[in-house]
Each structure stands twice: as structure tokens, then as C-alpha cells.
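The values are calculated or read from the model by the stated rules, or taken from the named source; none is laboratory data. Nothing here was measured: the structure is a model prediction, and the numbers come from that model. Cβ sites come from the backbone with ideal geometry, for glycine too, and all protein chains shown count toward neighbours. Calculation scope for accessible area: heavy atoms of the full protein, side chains included, ligands and nucleic acids excluded. Shrake-Rupley method; radii C 1.70, N 1.55, O 1.52, S 1.80 Å.
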Amino acid sequence: MGLPPGPVFAALGALSAAYFAITGTVWAVTGEFTRLGGHAVELLGADPGSWTYYQEVTALEGGPLDRTDGWIVIAMLAGSLLAALWADDFRVRTPPLRRRFPQALAGGIVAGFGARLAFGCNLAAMFTGIPQFSLHAWLFTLTTAIGTWLGVQLIRQRWWRGPTRPVPASARQHLTAEQNRRRRVRHLSAFTVIVAALAAACLLYLLTERPLLAVAVVFGTVFGALIQRGQICFTAAFRDLWVTRKTKLSDALVIGLATAVITTFVVLLVTGMDPLTKPAGWGTVIGGTLFGLGIVMAGACETGMMYRAMEGQTVAWVAFGGNVIGATVLAYGWDHWGIHRHLVASAPPVSLTSFGGLWGALVISLVLLALWWLAMSPRRTSRLSRLNAEGSAPAEREEVAA
Amino acid sequence: MSSSFRTADYSLDLRGESCPYPVIHTLEALHGLRPGETIEISTDCPQAYRNVPDDARAAGHELLGEPVKEGATMLFVFRRGDAVLGRHLTEEKPRRRFGFLRGRRHQHEQ
């Protein structure tokens, strides 16, 4: 049934700090999506090299296999696929409602555009941005929460979510033992091949003295496997607050962020590295809101859609395509439509370390996380009392409290 | 095989849908039932393996027996609770009887 999200979030927080300590870059994916879009328009005959975005923000050098960012994305996809195959969660799924495909495409485009406008998605502008003590990440997180609320107002509409049609129950066809066995053999063979390929890539990079690429392969695989096993869905962390008033994943996210903040703080303190700070301004506010709206429309954020795609959910592949399109549109509009000039140029990069250094930034971050936790208390308590009123088993109550 | 075979009054096949739709449709379907009636839900969204029973219980319904997983598909049987608890998306709509089931339910009562 997977791993509990709180501890998995905490493990991801600590691992992302370690990844930063080793490579000097944070765990992020949308920068690479933008580059993939750049490669795509290059193939279509355009010259993205002349766009300011690819000159100044995310450089288009080499292919995905030559970059740590590229390998993080590839290895995350591989890691999620490994986890899904191992846990027998893999199945090619197509939703009975065809409207899910245009919804995912539209949501993916909106989310991809918003993410790059704000310099990151739920990773670089949230999960690995808040631990860098960059104010833009807090602004992005807050506006993402607002955007997901807007998104829920949209998807709750009957024309969007579709009808509920239960039918009188009838006898169900079950798979035979032989069918089950054959599926397991197929899945585990694929598992073995992928592990061998990843190991070969690591070995190759170690032998050719490109150890950072090997690091990206290992961390990407672990990140991917963890988000699948823990079902680490940043979309749900916010969306569940509005859909079912559930705080479980939001609480897990706060635990993960606290772990990431503390471990990144230690890394910064010990190594003396400078934290990575991005501009905080209208671009962040608009980008965060669009991102929140888009991920609810698409059904998944940048990371959620990666592990869903690898579980075989075809809608997530469409959302992935939408993300790349949205990010590329933003890259085009950066200079061509004056997005940078109007929304980003005047925005200052603000680091929380300017309020009392690293220690001050640590205190501010932990206080903000504590406020987030407290703000969720009414929802947490109300849900707990409902579960207890039903006389559910004690184990279930603890699960909700955790 | 026989151990995984269960009967319920209704069934709802949510395979192919991913979260939050399995939860929304499960809650809406349960609200449409009468207290005590049972429904079998099938979902293949791994996030729903946890969310569907979590949210159905928090809304006052009862999970009957252990969920059964067959490949990537998970089967749940719920009994509709006496009262729907809490606030969520589907509760604000007027309670809908499933029109096309009415005939069957009527026969059932006779």
C-alpha cells in the first residue's frame, strides 16, 4: 500500500540537501522541461538560441544526457517506473471520460507557463527553494495554495468532473493465477533491464570521470522511487484541503520542508556555500497562482505527473507534454512579449538571510512552517473528531494524526 | 479466487480515473445510496488506494472487510453510513437518487 508520506517527505528533504551539497544545484525539473521544449522547437526549425531566455536563464548546451538536470529527469522517470513495476502498481490506464485529456493538456500548459514565470515548480520554488531561504519560494507557495483553491472551484463543476454512475453489482471477472504470474514475470524482467541500464550509465560516467552525472543518476532514481512509493503529490497537499478538508499530505509536506530547511541549513553552515536566491515579485505571484490552478486542472504537478506517467496513466503523459509546451511558450514570451521587462526585471532577489544571517533565516523559516501547521489545526481536529465519532479502530486514528 | 469474490448492492468502476476524481465519485455515489446499502468501488489510481477509504470513513461510511488488490486494481466495499459527516465537494449538491436505479430499488423494497 505504499509508504507513509510524512517520513518519505522527510527523506526527500534530507536527500535534496545532500544533492545540493554534492552538486551545488538544487533538485529541480522544470528548467530541464524548458530545455526539452527548446530542443523540440529547434527540430521544428526555429532558433531558440536567439531567445533571451535560453541565453540568460536556462542555457541550451548539449543534450539531456550531458547535463545533471537532464539525468535527474530521466532517472526520476526510471526510478518511478522501477517502483511501480516492483509494487505491481503498473497498468496502462485510460480514463473512461475522454475530457480528461484536454483537461490535462490545458492544465499542463498553464502549470508549465506559471512554473517558469516564477523560476521553478513545486521543487525549485517550493520544496528545494524554501530551504534555500529565498523569499520567492514562500511567495510561490502561498500563491500556489490560492491557485489550487481556484482550481478546485473549477473542477468541482459537474461539466468538468463528470457524472457518477454506479450500476447494480454483478459477478466480477477475476484474473487467473496464470495471468497474474505472467504479468509479474513481464514486470520484473523490465525492472531488471532498467536497473542494469542505470548501473551501466553510472559505471560509464565514473570511468569517464564525469562523477556528477553518476550522482544525478543515483539521486534521480532514488527521488523517483520515493515519490512513487510515498505517492508524493504536491497537488494533493493543497487540493485535499479544499476538496475533502484533509490535511494529511499538507502536514507531511510541512514535515518534509522542516527536514529540508534544517539539513540545508547545516549544509550551508558547514560548506559556506551561498544559498540560491531568485527574484520575488509579480512574476512569482502570477506564476504561483497559474501553477496552482494548472496542477489542479491537470491532476498533478511536475513531480506527481512524472510518477503517474510511469505508473502507466496516459493522462499524465498528456500533462507532461502540456508542461513542456507551457514552459516553452514562457521562454518565447520572455523577451518577445516583454514578460521579463514587465514582471521580472524590477523584482529583487530577496534572501531571508538578510534578516539576521543564516540563523535568522532558519528561525523565520521554522516559524512560518509552524504557522502553516497551526493554520491547518481546525481542519485536522474536525476530521479527527469525525473519524472518532464513527468508532474507527485506533490504528486508523493514529494514521490521521501522523 | 473465491475469497476475493464479494457481493454488494451496487458497483462503481473508477479504473482509469486518477485523484481526486475517484474520491469525489466515491463520495457522491455513497451519498446517493440509502443508509446501510453497500457499493463496490474499483480503482487503479495508487493514490486512491489510501484516499478512497480514508475519505469515505471520514464522511461517515464503513469499509467492509479488507480491500483486495489484483494487479494495479484495488477493490473496496463500503456500507453507506447513517449520516454523511463533514463538509466536502459533493455534500452541497441536493442528494441525488440515481434515477435509473429507482425501478430496481422499488422492486427490492417489495
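Screening chain A for whole DSSP H helices with an alpha carbon extent of at least 24 angstrom along the helix axis and a mean Kyte-Doolittle hydropathy of at least -0.5 yields A:5-23, A:68-86, A:100-117, A:135-155, A:177-207, A:211-229, A:248-271, A:314-336, A:357-375.
If you run the Gaussian network model on chain A, springs between alpha carbon atoms under 10 Å, then out of A:243, A:26, A:152 the most flexible one is A:243. Pairs of alpha carbons in the protein assembly as shown separated by more than 42 Å make up 19% of all such pairs.
Summed over both chains, the accessible area lost when A and B associate is about 5100 Å², using a 1.4 Å probe.
Quick check: at a probe of 1.4 Å, how many percent of the accessible area of chain A sits on carbon and sulfur atoms? Of all accessible area on chain A, carbon and sulfur atoms account for 70 percent.
Only Cα pairs within less than 10 Å get springs; with that Gaussian network setup on chain A, which residue of A:46, A:104, A:78 has the largest fluctuation? Residue with maximal mean-square fluctuation among A:46, A:104, A:78: A:46.
Which of the trypsin sites (Lys or Arg not before Pro) across region A:34-124 are loop residues per DSSP, with 12 or fewer other Cβ within 10 Å? Passing both the DSSP loop test and the Cβ count: A:98, A:99. Dividing the summed -39500 (n - 2.57) terms of all DSSP H runs of n ≥ 4 by the residue count of chain A sets its mean residue ellipticity at 222 nm at -22500 deg cm²/dmol. Of the residues A:64, A:348, A:378, the one that moves most in a GNM of chain A with alpha-carbon contacts below 10 Å is A:378.
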